[in-house]
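A short write-up of the structure that comes next.
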Amino acid sequence: MPRKGDYVREKVVEKTFEALFALEDLRELLRKTAPFDLTKEQIEEARKILTKVRKILDEIGGELK
């Protein structure tokens, strides 16, 4: 029978991968635009990605309390 700690660990690992995949999306956006400046649309996309990553990290922090 799974213990509560097992659930927390699984959830943290899952959320960590979510954050890493989102950061990979950001890296890809930046790679496509280098060495040029980002357009307004690309800046908005980058902000959305960063907001998503922050939310995920907050969720991870909440699981670890």
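Computed quantities for the displayed model
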{"read-out": "Residues that are aromatic (Phe, Trp, Tyr) and at pLDDT 90 or above, drawn from segment 1-35", "value": "17, 21"}
{"read-out": "Residue match in segment 20-35 (condition: surrounded by 13 or more Cβ atoms within 10 Å (Cβ to Cβ), without any contact (Cβ under 8 Å) to a residue 24 or more places away in the chain, over 30 Å from residue 6 (Cβ atoms) and not aromatic (Phe, Trp, Tyr))", "value": "yes"}
{"read-out": "Filtered residues of segment 50-65 (kept if over 20 Å from residue 25 (Cα atoms) and of a type outside the set (Gly, Ala, Ser))", "value": "63, 64, 65"}
{"read-out": "Filter pass, residue 38 being outside any helix (DSSP H, G or I), surrounded by 14 or more Cβ atoms within 10 Å (Cβ to Cβ) and at pLDDT 90 or above", "value": "yes"}
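The values are calculated or read from the model by the stated rules, or taken from the named source; none is laboratory data. Predicted model only: the values in this text are computed from it and were never measured. In this analysis, Cβ positions are derived from the backbone assuming ideal geometry, glycine residues included, and neighbour counts consider all displayed protein chains.
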